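Single-structure report; data block below.
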Amino acid sequence: VKAGERVRIVLRNEDRGMTHDFAVPVVAAAMNVIAWDESGEVTFDVPDTPGTYEYVCRPHSLMMRGTIRVY
(Lines give C-alpha, C1' and ligand atoms only; values in the text may rest on other atoms or scores of the structure.)
Protein backbone atom coordinates (compact mmCIF):
# COMPACT_ATOMS: atom_id res chain seq x y z
CA VAL A 1 0.00 0.00 0.00
CA LYS A 2 1.08 3.61 -0.34
CA ALA A 3 2.58 5.42 2.64
CA GLY A 4 -0.08 7.33 4.58
CA GLU A 5 -2.93 5.58 2.76
CA ARG A 6 -6.16 4.74 4.59
CA VAL A 7 -6.90 1.01 4.47
CA ARG A 8 -10.04 -0.93 5.37
CA ILE A 9 -9.74 -4.64 6.15
CA VAL A 10 -12.86 -6.82 6.26
CA LEU A 11 -12.55 -10.27 7.81
CA ARG A 12 -15.09 -13.08 7.73
CA ASN A 13 -14.50 -15.97 10.11
CA GLU A 14 -15.21 -19.29 8.40
CA ASP A 15 -13.27 -21.28 11.01
CA ARG A 16 -15.94 -23.16 13.00
CA GLY A 17 -15.19 -23.21 16.73
CA MET A 18 -12.40 -20.61 16.52
CA THR A 19 -12.28 -16.88 17.21
CA HIS A 20 -10.14 -14.51 15.16
CA ASP A 21 -9.28 -10.85 14.80
CA PHE A 22 -6.91 -8.64 12.82
CA ALA A 23 -4.48 -6.20 14.42
CA VAL A 24 -1.70 -3.92 13.19
CA PRO A 25 0.26 -3.13 16.36
CA VAL A 26 2.45 -0.35 14.92
CA VAL A 27 -0.61 1.85 14.35
CA ALA A 28 -2.63 0.51 17.31
CA ALA A 29 -5.39 -0.70 14.97
CA ALA A 30 -7.44 -3.78 15.77
CA MET A 31 -10.89 -5.20 15.23
CA ASN A 32 -12.89 -6.91 17.92
CA VAL A 33 -12.62 -10.68 18.14
CA ILE A 34 -15.15 -12.42 15.90
CA ALA A 35 -16.65 -15.89 16.24
CA TRP A 36 -17.46 -18.38 13.51
CA ASP A 37 -19.73 -17.04 10.76
CA GLU A 38 -19.26 -13.42 11.90
CA SER A 39 -17.56 -10.54 10.10
CA GLY A 40 -15.57 -7.61 11.38
CA GLU A 41 -13.61 -4.72 9.98
CA VAL A 42 -10.90 -2.27 10.89
CA THR A 43 -9.89 0.96 9.14
CA PHE A 44 -6.51 2.58 9.71
CA ASP A 45 -3.92 4.87 8.19
CA VAL A 46 -0.72 3.03 7.31
CA PRO A 47 2.55 4.60 8.47
CA ASP A 48 4.01 7.48 6.47
CA THR A 49 7.38 5.73 6.38
CA PRO A 50 7.89 3.03 3.71
CA GLY A 51 8.74 -0.39 5.10
CA THR A 52 7.25 -3.69 6.19
CA TYR A 53 4.80 -3.76 9.09
CA GLU A 54 3.40 -6.78 10.91
CA TYR A 55 -0.25 -7.75 11.26
CA VAL A 56 -1.50 -10.56 13.51
CA CYS A 57 -4.51 -12.52 14.63
CA ARG A 58 -4.07 -11.87 18.34
CA PRO A 59 -5.65 -15.13 19.56
CA HIS A 60 -3.24 -17.08 17.30
CA SER A 61 -0.30 -14.70 16.95
CA LEU A 62 2.34 -17.44 16.94
CA MET A 63 1.06 -18.86 13.65
CA MET A 64 -1.34 -16.35 12.10
CA ARG A 65 0.69 -13.31 11.12
CA GLY A 66 1.89 -11.54 8.05
CA THR A 67 3.23 -8.26 6.73
CA ILE A 68 1.91 -5.15 5.07
CA ARG A 69 4.38 -3.65 2.63
CA VAL A 70 4.28 0.15 2.56
CA TYR A 71 5.98 2.01 -0.31
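Against the set (1) 23, 12, 9; (2) 26, 12, 8; (3) 17, 15, 13, the structure's computed semi-axes √(5λ) of the Cα gyration tensor in Å falls on (1). Note on residue 38: accessible area approximately 80 square angstrom, rounded to 10, probe 1.4 Å, nucleic acids and ligands left out. Phi angles of segment 25-39 translate, via the Karplus equation with coefficients 6.51, -1.76, 1.60 and θ = phi - 60°, into HN-Hα couplings of x, 4, 10, 6, 10, 7, 9, 5, 5, 10, 8, 3, 6, 10, 10 Hz per residue; Gly and Pro are given as x. Counting only protein chain heavy atoms and rolling a 1.4 Å probe, the accessible areas of 62, 11 rank, largest first, as 62, 11. Could you work out what % of the accessible surface of the chain is carbon and sulfur, using a 1.4 angstrom probe and leaving DNA, RNA and ligands out of the count? Roughly 50 percent, rounded to a whole number. Per-residue 3J(HN,Hα) values for segment 43-49, derived from phi via the Karplus relation 6.51 cos²θ - 1.76 cosθ + 1.60 with θ = phi - 60°, read 10, 7, 9, 6, x, 6, 9 Hz in sequence order (x marks Gly and Pro). Here the Karplus relation 6.51 cos²θ - 1.76 cosθ + 1.60, evaluated at θ = phi - 60°, turns the backbone of segment 11-19 into coupling constants of 10, 10, 8, 10, 9, 3, x, 10, 10 Hz, with x for every Gly and Pro. Average accessible surface for the chain: 66 Å² per residue, computed with a 1.4 Å probe over protein heavy atoms with every protein chain in place.
Our estimate of slack between residue 28 and residue 71, defined as 0.36 nm per intervening residue step minus the Cα-Cα distance, is 13.5 nm.
The values are calculated or read from the model by the stated rules, or taken from the named source; none is laboratory data. These figures come from a predicted structure and were not determined experimentally. When the accessible area is computed, the model is the full protein with side chains, heavy atoms only, and any ligands, DNA or RNA have been set aside. Shrake-Rupley method; radii C 1.70, N 1.55, O 1.52, S 1.80 Å.
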